[in-house]
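Everything on this sheet refers to the single structure shown next.
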Amino acid sequence: MTNCDLPRWMTPRQYAECMQLNVVHVRRMCEAGRIPACKATGRWRIDRDKALGIEGGEATEKMDVSELLRDVKKWLADGELLVKRMEVEIG
C-alpha cells in the first residue's frame, strides 16, 4: 500500500496495517496524543499527512522511530506479562 492508496483521514486499523502495529496500541497512542488524530462521530481518525510526515506526497521530515520503537517494545513486554499471568492462572 502506498501513501496514495491511503485515505486522507485513516482509521486506526488502516494506520496500524500501514505501520505494522497493533490496532489497540494505535488507539492508545491516539488517546495519548502521540499520533495526530481527532475523534469524528465518536471514532478516531488519523491525519495521514501529519502522521506519516507527508506534504504533497513527499516526506517533509524524518520520523523519529526511536520513540515508536520504545512504544512497541513496551507493548510487547506488556503482552508477554499478560501471557505469563494467563499461563499461571491456567496452570
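Bear in mind that the values in this text are calculations on the coordinates, not laboratory data. Note that this is a predicted model, so its numbers are computed, not measured. We place every Cβ from the backbone using ideal geometry, glycine too, and count neighbours over all the protein chains shown.
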**Asked** Relative to the present Cα-Cα distance, how much length would full extension add between LEU81 and LYS50 at 0.36 nm per residue of separation?
**Response** 7.9 nm
**Asked** Quick one: net charge of ARG45's neighbours, Cβ under 10 Å, K/R +1, D/E -1?
**Response** +3
**Prompt:** Quick one: length gained pulling ASN22 to ASP5 fully straight, 0.36 nm per residue minus the C-alpha distance?
**Reply:** 4.1 nm
**Fill in**
Summing +1 per Lys or Arg and -1 per Asp or Glu among the other residues with Cβ less than 13 Å from GLN14's Cβ gives +3
**Prompt:** How much length is gained if the chain between ILE90 and LYS74 is pulled fully straight, taking 0.36 nm per residue apart and subtracting their Cα-Cα distance, in nm to one decimal?
**Reply:** 3.3 nm
